[in-house]
Amino acid sequence: MELMLKELFEGVSTEREFDGFVTSDELRLPAGLSFNEPLKVVGRVFNRAGIVTLEYKLTAKAQLVCDRCLDEFGKVFEYDFSHILVTNLNSEDDYDKYVVCENNILKLDDLAISDLLLQLPSKILCKEDCKGLCFVCGQNLNEATCECSKS
């Protein structure tokens, strides 16, 4: 999804709302991570006192594999993001502070995917207190206990 923001950068318009999806064919995901549906992106871009700001909510329904017990499970991730948008940078030091919209165009798909991947947990667990697998027999310790730990 690309947003044309020329009117916002020039101050002709003060706000623009959007609602859309990032389809799964646009995603390059790490192994063990897949999404059941396209990512939902809802938000607004607004100009206040010459500062153009993007605020949006991203919702992703993922199909995951637990890193401890290897069970598959579904989870919904919801994150809120905010960025200051600019048409160019004065210094390379500002690269991490702002999102550059070349030719007044915001490539929201790329930004949303990047934001999501940076927010996802590094350890994927089916539940916080997942007990994992027995190192000896492979029993899922969330489902049953085994005799291996007693010997």
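The values are calculated or read from the model by the stated rules, or taken from the named source; none is laboratory data. All values reported here derive from a predicted model rather than from experimental measurement. When we count neighbours, we look across all protein chains shown, and the Cβ atoms used for this are built from the backbone with ideal geometry, even at glycine. SASA here: full protein model, heavy atoms, side chains in, ligands and nucleic acids out. Shrake-Rupley method; radii C 1.70, N 1.55, O 1.52, S 1.80 Å.
Using the crude model of +1 on Lys and Arg Cβ and -1 on Asp and Glu Cβ, and no other charge, please compute the dipole size for the chain relative to its Cα centre, in debye to 20. Intermediate values should be presented prior to the final figure.
Numbers: 16 positive and 27 negative charges, 97 e Å.
Using only the charged Cβ atoms, the result is roughly 460 debye.
Highest-first packing order for the peptide set 43-49, 64-70 is 64-70, 43-49, based on the mean count of other beta carbon atoms within 10 Å.
Among residues other than Asn103 with Cβ under 15 Å from its Cβ, the summed charge is -3 (Lys and Arg +1, Asp and Glu -1). For Lys107, the accessible surface of its heavy atoms amounts to roughly 110 Å² (probe 1.4 Å, protein chains only, rounded to the nearest 10). Pairs of lysine residues in the chain that meet both criteria, 8 or more places apart or on different chains and Cα atoms under 22 Å apart, total 19. Across Ser34, Ser122, the residue with the most accessible area heads the list, and the full order at a 1.4 Å probe is Ser122, Ser34. Near Arg48, once Lys and Arg are set to +1 and Asp and Glu to -1 for all other residues with Cβ below 12 Å from its Cβ, the sum equals -1. For the pair Glu37 and Val65, label points projected 7 Å from Cα toward Cβ lie 2.5 nm apart. Note on the chain: dipole from Cβ charges, positive end direction compared against Tyr98, Ser82, Cys126; the farthest Cα belongs to Cys126.
For region 62-148, which whole percent of the accessible surface, found with a 1.4 angstrom probe, sits on carbon and sulfur atoms?
45 percent
The simple spin-label model puts a point 7 Å past each Cα toward its Cβ; for Glu102 and Asn142 those points are separated by 4.4 nm.
Once the Cβ-Cβ distance between Glu15 and Asp94 is put in as r, and R0 is 22 Å, what FRET efficiency do you end up with, to the nearest 0.05?
For R0 = 22 Å, the calculated efficiency reads 0.35.
Per-residue ellipticity at 222 nm, computed for the chain from helices alone with -39500 (n - 2.57) per DSSP H run of at least four residues, works out to -3000 deg cm²/dmol.
Once mean projected area of the Cα convex hull in nm² is calculated for the structure shown, the corresponding label among [x] 14.4; [y] 14.9; [z] 11.7 turns out to be [z]. A 1.4 Å probe run over the protein chains yields, for the chain, 64 Å² of accessible area per residue, whole-number rounding.
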